[in-house]
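A.B. asks: So that we are looking at the same thing, I have put the structure below in C-alpha cells.
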Amino acid sequence: MQKITRENLINKAIELLDNGTVSRVLGWKIGEFAYDVTPAVFTTKEDLQKDFIFDDFCNANFSKYLIAETRKAEEKVLVFLKPCDTYSFNQLLTEHRFSREKVYAVGIPCEGMLDIGKIKALAGEGIIDVIPGEGSITVKNLYEEEKTLAYGDVLTERCLSCKSKKHVVYDELMGEEGDVIDSNRFDEVEKIEKMSADERFAFWQSQLSKCIRCNACRDICPACTCEKCVFDNPKSSVNNKAISDSFEEKMFHIIRAFHVAGRCTDCGECSRVCPQGIPLHLLNRKFIKDINSFYGDYQAGQEEGSRAPLINYTFDDLEPGEAVGRGV
Amino acid sequence: MQRIGVFVCWCGSNIAGTVDVKAVAEALRSEPGVVFSTDYQYMCSQAGQEIIKEAIKEHKLTGVVVCSCSPRMHEATFRKTAQAAGLNPYMVEIANIREQCSWIHKDMETGTQKAIILGRAAVAKVNLNAPLIPGQTPVTKRALVIGGGIAGIQTALDIAEAGFPVDIVEKKPTIGGKMAQIDKTFPTLDCAACILTPKMVDVAQNENIRIFSYSEVQEVKGFVGNFNVKIKKKARFVKEDVCTGCGICTEKCPQKKVPNEFNLGMDNRRAVYIPFAQAVPKVATIDADYCTMLKTGKCGLCAKVCTAGAIDYTQKDEIIEEQYGAIVAATGFNPISLDKFDEYAYNQSKDVITSLEFERLTNAAGPTAGKLLRPSDGKHPHTIVFVQCVGSRCAACADKGKEYCSKICCMYTAKHAMLTRDKYPDTDVYVFYIDVRTPGKNFDEFYRRAVEEYGVHYIKGMVGKVSPQGDKLMVQASDLLANKQLHIEADLVVLAAAIEPDKSARSIATMLTASMDTNDFFTEAHPKLRPVESPTAGVFLSGTCQGPKDIPETVSQASAAAAKVIGLLAKDKLTSNPCVAHADELMCNGCSSCANVCPYGAISYIDKEFRMPNRTTAIRRVASVNPAVCQGCGACTVACPSGAMDLNGFESAQIIAEVDAICR
C-alpha cells in the first residue's frame, strides 16, 4: 500500500481549488514546533505549499470546525477526515449542524497519532524534531541528542484503543479502506466499575479535582456544538451549579457527560486536549457501554440520521427500574 | 417581586392530625415574597375560598400557594377562586401536604417539617410563575372504539345513537368477543347469542358505525379531540364488499385440519372460514397459516366455487389513517394459561377443561351440538367436579396465577352446575370453592337455587390434585368444613381459570399513553369518581380491560364511557393547556432531539436568518412548537442539549428553584 504523504494531500487540495470544487481547505498548519500542529483554513496554492502539514501530530478532528466554516461562504470547503473524524462528521450531519452540500470530504487513512505528552515524558524537554521510522520514532532535542521510542509507547490513548479504521462517510477516499476494529476500549471502564463506590468516588475526586475549568474539553468536543453552552448561559440554571464550590466544580464534567450521552462518538478529543490529563473519555465511554448493554449496540455517527437509543422508543425498551437495578 | 399569599388547609383532621398547620403557616410567612399566611379548616369550602379571595384583594397578592391535598383534587378549584378575585389562574400553586405528607407520616414533628419544606418549594416556584393564557383546539367529531366485544359494541351503539360517527377496530374476523362464545348468561339464563346477535346486527346496520374487523391499531398520535390513528387492516384474502357470506368456500376448502379457535380448539375448521353463523361482518377469511394456495400456490378451490368472485389471493395488509376526537379502550379479557397448573392435569387429560370450553361444550353451535359429552371419548360424564379460583386470589402463586378475584367465576360455575343438573339429573356435580361471592342483583338467590333446588354439592375447600387413571379422573380434595380429605372419581373436571387482560392491551396502552396497573388492567382517572375515564385526556375505558366484570356491569360501563365520549364530542372547541413547550431560537441548535422524543409530533423546524458576530448573518435551522398540538409533557425540555426548550409553567428554572428550596 502506498503511504499517503503531505504532498499527496497538497496536490489533492490544489486540484480541488483549481477546478473550483472548493474555495477553502480545512487542514493542519505547521506550528512553532514540529509537534505543534494547528488547524487552519487555506485558500491559496502558495499557503498550502508553505504551511500545510500532514504528519503523526495531525490529531485535530475537523468535523466541528465545519459548523463555523460552512456559514462563511456559499462555496464548498474541503476537509480531510481520518476514520474516527468521519463518525463525528456523520453525527453532526444527523444533528443538522451543517449542510452536507457545502462540504467536500476526503477520507485519509490513519495509523494512529502521537501524544507529545508521552514523548516528553520519555525523551525529556527541548524537543526540536520527531522523525518517524518503522515501528519507532527518533526524537532530536536542543542538545543534539537523539532518542528512539517505540511507536506503541507514544501513541495517544484513543489510538491505542482505536475503534475503527473505516471511513463511514466521504466524497473521495485516499488510500485503502480499513475495517471496524473490535477494540478493547471498555476494559478501562470495567476496571472502574469493579471498584467499590468509595474507591470510585475517590478515583474521580482525585481526577476531577485537577480540573482548572479551562473549558478545552468542551471547546474541542464535536458533540458540544450548542449555539450557546448551558455553562455560559446564566438563565440555564446549570451554570451556577458548576461554579459555586469545589464539589460543584466536578459537576461540570458530570453534566457535560450527560449532555453528550448518546451523541458522543468516542473520538477522544476531550482527553487529548486536557492540559491536566484527566481521562474524561472514560465518563463518556461508561455511557456508551451502558447504552450498548441496555438498548443493544449503538455507535453514534456510524450512520447519518440514525436515532440514538436515548431519543428513541421501542416497545421492548427496558423499564427505567431495570436500568437502575443493573447500574454500577 | 411577587406578593405571595400562603393558605394552609387542615382538611379537618386529615392534615391537621399529623401536621401542625399553624406552625406551617408561621414558618412560610418568612419565605421570600410571602406577604400573607394563614390556615383554615377546609380551604376548598365556600368560606375557605372567600378567605383566599379577600386576601388577594386586601394584600394585593400576585401569587397564591395553597398547602392542601393533591393538585388532582382541587387545583382547578383554587385556580377558579384566584381567577374570580382577578388573579391569573396559573399564579396558583398547590403544595400537596396531604397525600404526600400527612397521610404517610405518623409523627407530628416529621409531618410538620416536611409540610414546611413542600410549602417552601411551592413558594419558590410561584416566585418565578408568570401569567398564562389558555388557547382553544377544535374537536374531531368521531370516536374510535378498540375492541368489538359486548363492551365495544354497546359503547359504539350509544355514541352512534347520539349522532356521532364511530369506528370499531376488532382484531378477530368478527365482532362479538367472548360473549359470542358463551352459552347462557346468569342470573336470568338468557341465551347469550339471542341477546348479543341483535346488537351485532344493529352495529352492522347503523349508518354511523364502521367496523374494521381483522384489524389492529398500529399507531396513535395527537391528543384529546385530535387523535390521528393508523389502523392496520390485515389481509383476509376475501373482498369484504363482494363476499355474500354464503359459506360455500368454507364447505369446499380441502384443508380441514385447522384448530377452530372459536370452539377453543375442540374441533376443526377449514383454512377459509366464517367464525360462527351470526358473525358480523358475515365475510369469509382465509387463514394464511394454513391455506395451501397461499403457502404453495396450488389449490385455488375457494376461488373456483365462489360465485361472487370475492376471493383475492393477492390482497395485502392495508393501512387506514383516520382522525378521532375520542378513543375508547374495550380490549377485553382472556382466561389465563393453565400450563403452569400441573396439579389439575389440564395438559394431561382432555377431560380437564376450562369453564369457557365447558360453555362451548354445552352450546348448540359448539363442537358437540350442545350435548355435554367428554372430549376424550364422547361419553356422557356422570360425575363432574368444578374447581373454583384456579389462578384467582392466588397471592402465594403470583408466578402463575393472579392475586385478584376474577369476580365472574362463582356465578358462572353456579350456572354451569345448575344447568347440568337440570338437563342431566343423573349427574353428580361437585363445586370446590374458597368462598362463594355473589354480590349483585338476584345473584345470591341464583346460587341458593343451585344448592337447594338442584342439589349441587358445594364443598368449601380446594382441590389438591387431579390425576388421570384409566378413563377416570381421581380428584383429591379437602373438605374444610367437615375437616376431611375427599377422593372423588370424576368423569370431567372443569377449571374456573382466572381472567386476565388481553395481551394486546399493553401495547395499546403504550400507544395511548394510558396508564395500567401491575396486572395490566387499564387504570381509571379516579377509582370512584371517574371510573370510566383514563387519566389520559380523551381516552375512555369500557368493560373488562379496566377490571374483571360480568356482562351487566360491562354494559353499564360501556354506556357510561359512551356518555363521556358524547359529552366530549358535543363540544366544538376544547380549552387547551397553556403549559406548552417553546424554543428559544437564539439557543436552539436545530439538532432534532426534541422532535425525536415528542410523542405528539408537535415540533417542526424552520430555517431562519440570524445576526451573527461581525455584522454577518447566517441561516439557521430552529425548532418551532405547535402549541395546539403540544401537550406539555416536557420530554423535549430534557432531551434538548442546549436548554433552548422550556415548558410554560414548569420552566427548568422553576423546577430547579423548587429543588433548591427543598435542599436548603
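A.B. asks: Straight-line reach from B:Lys465: which lysines have Cα under 26 Å away, leaving out those fewer than 8 places along the same chain?
C.D. replies: Of all the lysines, those that pass the test against B:Lys465 - Cα under 26 Å, at least 8 places apart if same chain - are B:Lys340, B:Lys350, B:Lys379, B:Lys400, B:Lys402, B:Lys407, B:Lys415, B:Lys484.
A.B. asks: How do B:Val597, B:Val145, B:Val638, B:Val166 line up, fewest other C-beta atoms within 10 Å first?
C.D. replies: Values: B:Val597 20, B:Val145 34, B:Val638 13, B:Val166 29.
In increasing order of surrounding Cβ atoms, one gets B:Val638, B:Val597, B:Val166, B:Val145.
A.B. asks: Classify chain B: rounded, prolate or oblate, from the alpha-carbon gyration tensor (a ≥ b ≥ c, eigenvalue square roots; a/c under 1.5 rounded; otherwise prolate if a/b is larger than b/c)? Show your work: numbers first, answer last.
C.D. replies: Details: a/c = 2.64, a/b = 1.56, b/c = 1.70.
Since a/c reaches 1.5 but b/c is at least a/b, the shape of chain B is classed as oblate.
A.B. asks: If you put +1 on each Lys and Arg Cβ and -1 on each Asp and Glu Cβ, how big is the dipole of chain A around its Cα centre, in Debye rounded to 20?
C.D. replies: Numbers: 42 positive and 54 negative charges, 175 e Å.
The dipole of chain A has a size of about 840 debye.
A.B. asks: Same structure again: With springs only between Cα atoms under 10 Å apart, run a GNM on chain A and tell me which of A:Cys264, A:Cys274, A:Cys226 wobbles the most.
C.D. replies: Highest fluctuation among the options: A:Cys226.
A.B. asks: Using Cα pairs closer than 8 Å and at least 6 residues apart in sequence, work out the relative contact order for the stretch B:542-632, in percent.
C.D. replies: 27 percent
A.B. asks: Once the other residues with Cβ under 11 Å from the Cβ of B:Val19 are scored (Lys, Arg +1; Asp, Glu -1), what is the net sum? List each step's numbers first, then the result.
C.D. replies: Details: positive: B:Lys22, B:Arg98, B:Lys114; negative: B:Asp20, B:Asp39, B:Asp107, B:Glu109.
Its environment carries a net charge of -1.
A.B. asks: So what is the relative contact order of chain A, in percent, for Cα pairs below 8 Å that sit 6 or more residues apart? Numbers along the way, then the final one.
C.D. replies: On the way: 491 pairs, mean separation 51.1, N = 328.
Averaging sequence separation for qualifying contacts and normalising by length gives 16 percent for chain A.
A.B. asks: Another one. Hey, can you grab everything whose amide H is under 5 Å from the amide H of A:Val103? Only 5+ residues off in sequence or another chain; H modelled, so Pro and N-termini drop out.
C.D. replies: Excluding prolines and chain starts, which carry no amide H, the hits are A:Val77.
A.B. asks: For Cα pairs less than 8 Å apart in space and 6+ apart in sequence, what is the mean separation divided by the residue count of the stretch A:130-270, i.e. the relative contact order in percent? Working shown, then result.
C.D. replies: Values: 99 pairs, mean separation 19.6, N = 141.
After rounding, I find 14 percent.
A.B. asks: Go through the stretch A:130-136 residue by residue and turn each phi into a ³J(HN,Hα) via Karplus (6.51, -1.76, 1.60, θ = phi - 60°); whole Hz please, and just put x for glycine and proline.
C.D. replies: Once θ is set to phi - 60°, the couplings for the stretch A:130-136 become 10, 10, x, x, 7, x, 8 Hz.
A.B. asks: While we're looking at this one, here's another question. Relative to the first principal axis of the alpha-carbon coordinates of chain B, what is the inclination of helix B:108-126, with its axis defined by its Cα atoms, in degrees from 0 to 90 and to the nearest 10?
C.D. replies: 70 degrees
A.B. asks: So what J values fall out for the stretch B:384-399 if you push phi through Karplus, 6.51 cos²θ - 1.76 cosθ + 1.60 with θ = phi - 60°, rounded to Hz, Gly and Pro as x?
C.D. replies: 10, 10, 9, 10, 8, 6, 7, x, 8, 6, 10, 4, 7, 10, 4, 6
A.B. asks: Averaged across the residues of A:258-269, what count of C-beta atoms belonging to other chains lies within 10 Å of each residue's C-beta?
C.D. replies: Counting Cβ atoms of other protein chains within 10 Å of each residue's Cβ and averaging gives 1.
A.B. asks: Next up: Could you give the size of the charge dipole of the stretch B:581-648 about its Cα centre, using +1 on the Cβ of each K and R and -1 on the Cβ of each D and E, expressed in debye and rounded to the nearest 20? Provide the component values of the computation, followed by the final result.
C.D. replies: Values: 5 positive and 5 negative charges, 42 e Å.
Magnitude of the dipole: close to 200 debye.
A.B. asks: Quick one: net charge of B:Val92's neighbours, Cβ under 13 Å, K/R +1, D/E -1? Walk me through the numbers before you get to the answer.
C.D. replies: On the way: positive: B:Lys53, B:Arg79, B:Lys80, B:Lys125; negative: B:Glu75, B:Glu93.
Charge balance in the 13 Å sphere: +2.
A.B. asks: While we're on this one: Of the options B:Ile274, B:Ser478, B:Ala25, report the single residue whose Cα projects farthest towards the positive end of the charge dipole of chain B (beta-carbon charges: Lys, Arg +1; Asp, Glu -1).
C.D. replies: Among B:Ile274, B:Ser478, B:Ala25, the one farthest towards the positive end of the dipole of chain B is B:Ile274.
A.B. asks: If you don't mind, there's one more thing I want to ask. In sequence order, what are the phi-derived ³J(HN,Hα) couplings for the stretch B:206-211 according to the Karplus relation 6.51 cos²θ - 1.76 cosθ + 1.60 with θ = phi - 60°, rounded to whole Hz, with x for glycine and proline?
C.D. replies: Using θ = phi - 60°, the values come out as 6, 5, 8, 10, 10, 10 Hz.
A.B. asks: May I pose another question? With a ≥ b ≥ c the root eigenvalues of the C-alpha gyration tensor of the stretch B:442-548, is it rounded (a/c under 1.5), prolate (a/b larger than b/c) or oblate?
C.D. replies: Taking the square roots of the gyration eigenvalues as a ≥ b ≥ c, the stretch B:442-548 is prolate.
A.B. asks: Cross-link list B:Lys234/B:Lys282; B:Lys57/B:Lys114; A:Lys64/A:Lys210; B:Lys221/B:Lys549: which exceed 24 angstrom alpha carbon to alpha carbon?
C.D. replies: Numbers: B:Lys234/B:Lys282 16 Å; B:Lys57/B:Lys114 30 Å; A:Lys64/A:Lys210 26 Å; B:Lys221/B:Lys549 30 Å.
Listed pairs above 24 Å: B:Lys57/B:Lys114; A:Lys64/A:Lys210; B:Lys221/B:Lys549.
A.B. asks: Let me ask something additional. Listed highest first by mean packing, meaning other Cβ atoms within 10 Å per residue, what order do B:559-565, B:151-157, A:31-37 come in? Walk me through the intermediate numbers first.
C.D. replies: Numbers: B:559-565: 23.4, B:151-157: 30.1, A:31-37: 15.3.
Going by the mean number of other Cβ atoms within 10 Å, highest first, we get B:151-157, B:559-565, A:31-37.
A.B. asks: Now, a different point. Give the aspartates and glutamates whose C-alpha is closer than 17 Å to that of B:Lys125, dropping any in the same chain fewer than 8 places away, or say none.
C.D. replies: By straight Cα distance, B:Lys125 reaches B:Glu31, B:Glu75, B:Glu93, B:Asp646, B:Glu651, B:Glu658, B:Asp660.
A.B. asks: Would you work out the Kirkwood radius for the protein assembly as shown? I mean one over the mean of 1/r across all pairs of different Cα atoms, in Å. Working shown, then result.
C.D. replies: Details: mean 1/r = 0.0291 Å⁻¹.
The answer is 34.4 Å.
A.B. asks: May I pose another question? Taking the Cα centre of the protein assembly as shown as origin and charging only Cβ (+1 Lys, Arg; -1 Asp, Glu), how large is the dipole, in debye to the nearest 20? If you can, show how the numbers build up before the last one.
C.D. replies: Details: 116 positive and 126 negative charges, 459 e Å.
Its charge dipole is roughly 2200 debye.
A.B. asks: Test of understanding: express the Cα radius of gyration of chain A as a ratio to 2.2 N^0.38 Å, with N the residue count. Don't skip to the answer; put the middle values down first.
C.D. replies: On the way: Rg = 20.7 Å, N = 328, 2.2 N^0.38 = 19.9 Å.
Dividing the Cα Rg of chain A by 2.2 N^0.38 Å gives 1.04.
A.B. asks: Order by neighbour count: B:Leu301, A:Leu26, B:Leu492, fewest other Cβ atoms within 10 Å first, most last. Walk me through the numbers before you get to the answer.
C.D. replies: Working: B:Leu301 16, A:Leu26 23, B:Leu492 28.
Ranked by crowding around the Cβ, least crowded first: B:Leu301, A:Leu26, B:Leu492.
A.B. asks: With a ≥ b ≥ c the root eigenvalues of the C-alpha gyration tensor of the stretch B:257-317, is it rounded (a/c under 1.5), prolate (a/b larger than b/c) or oblate?
C.D. replies: Working: a/c = 1.93, a/b = 1.31, b/c = 1.48.
Since a/c reaches 1.5 but b/c is at least a/b, the shape of the stretch B:257-317 is classed as oblate.
A.B. asks: Right, something else. Counting DSSP beta bridges in chain B, what percent are antiparallel, to the nearest 5?
C.D. replies: Values: 57 of 105 bridges.
Around 55 percent antiparallel, to the nearest 5.
A.B. asks: Here is a further query. Taking a cut-off of 23 Å between Cα atoms, list the lysines near A:Lys289, but don't count ones fewer than 8 places away on the same chain.
C.D. replies: A:Lys289 reaches A:Lys163, A:Lys165, A:Lys166, A:Lys191, A:Lys194, A:Lys250.
A.B. asks: At 0.36 nm per residue, minus the direct Cα-Cα distance, what do B:Asp107 and B:Ile662 gain on full extension? Give it in nm, one decimal, please.
C.D. replies: Values: separation 555, 0.36 × 555 = 199.80 nm, distance 1.97 nm.
Between B:Asp107 and B:Ile662, full extension yields 197.8 nm more.
A.B. asks: Quick one: go through the stretch A:117-134 and flag any residue whose amide nitrogen is under 15 Å from the point 7 Å out along the Cα-to-Cβ line of A:Asp36.
C.D. replies: Only A:117, A:125-130 pass the distance filter.
A.B. asks: Moving on to the next point. Pick out, from B:Val597, B:Ile655, B:Ala395, the residue whose Cα sits farthest towards the positive end of the charge dipole of chain B, with +1 on the Cβ of Lys and Arg and -1 on the Cβ of Asp and Glu.
C.D. replies: Going by the Cα projections, it comes out as B:Val597.
A.B. asks: Estimate the FRET efficiency between B:Leu529 and A:Arg100 by the formula 1/(1 + (r/R0)^6), using the beta-carbon distance for r and 56 Å for R0, to the nearest 0.05. Walk me through the numbers before you get to the answer.
C.D. replies: Details: r = 56 Å, r/R0 = 1.00.
Computed FRET efficiency for B:Leu529 and A:Arg100 comes out at 0.50.
A.B. asks: Roughly how many Å is it from the Cα centre of the stretch B:446-501 to that of the stretch A:265-320, as a whole number?
C.D. replies: Measuring centre to centre over Cα atoms gives 59 Å.
A.B. asks: Would you calculate, for chain B, the mean residue ellipticity at 222 nm contributed by helices, counting each DSSP H stretch of 4 or more residues as -39,500 (n - 2.57) and dividing by all residues, to the nearest 500? Mind showing how you got there, number by number?
C.D. replies: Working: 18 runs with 182 residues, N = 664.
Value at 222 nm, helices only: -8000 deg cm²/dmol.
A.B. asks: With angles folded into 0 to 90 degrees, how steeply does helix A:246-260 sit against the dominant principal axis of chain A? Use alpha carbons for both and round to 10.
C.D. replies: Approximately 70 degrees, to the nearest 10.
A.B. asks: Please list the equivalent ellipsoid semi-axes of the stretch B:10-118, computed as the square roots of five times the alpha-carbon gyration tensor eigenvalues, in descending order and whole angstrom. Please report the intermediate quantities before stating the final value.
C.D. replies: On the way: eigenvalues 101, 43, 27 Å².
After scaling each eigenvalue by five and taking roots: 22, 15, 12 Å.
A.B. asks: Something else: Note the angle between two axes, namely the Cα long axis of helix B:409-423 and the longest principal axis of the Cα atoms of chain B, as a number of degrees from 0 to 90, rounded to the nearest 10.
C.D. replies: So the inclination is approximately 20 degrees.
A.B. asks: Follow-up question, since we're still on this one. Rg and Dmax of the stretch B:374-459, using alpha carbons, in Å: what are they?
C.D. replies: 14.1, 39
A.B. asks: Of all DSSP beta bridges located in the protein assembly as shown, what percent are antiparallel, nearest 5? Write out the running numbers ahead of the final one.
C.D. replies: Details: 75 of 133 bridges.
So the antiparallel bridges amount to about 55 percent of the total.
A.B. asks: Let me understand the stretch B:160-236 better: what is its radius of gyration from the alpha carbons, and its Dmax, in angstrom?
C.D. replies: Looking at the stretch B:160-236, its Cα Rg and Dmax stand at 15.2, 44 Å.
A.B. asks: For the residues B:Glu585, B:Glu500, B:Glu54, B:Glu93, what sequence is obtained by ranking on other C-beta atoms within 10 Å, fewest first?
C.D. replies: Details: B:Glu585 16, B:Glu500 22, B:Glu54 11, B:Glu93 26.
Starting with the residue having the fewest Cβ neighbours, the order is B:Glu54, B:Glu585, B:Glu500, B:Glu93.
A.B. asks: Please provide three numbers in whole Å: the alpha-carbon extents of the stretch A:41-180 along the principal axes, with the largest listed first.
C.D. replies: Principal extents (largest minus smallest coordinate, Cα): 50, 37, 24 Å.
A.B. asks: Can you tell which of A:Phe258, A:Phe42, A:Phe57 shows the greatest fluctuation in a Gaussian network model of chain A with Cα springs below 10 Å?
C.D. replies: A:Phe258
Every number here is computed from the coordinates shown, using simple stated rules; none is lab data. Fair warning: this is a prediction, and the values are worked out from it, not measured in the lab. Glycine also receives a Cβ, built like all others from the backbone with ideal geometry; neighbour counts cover every protein chain displayed.
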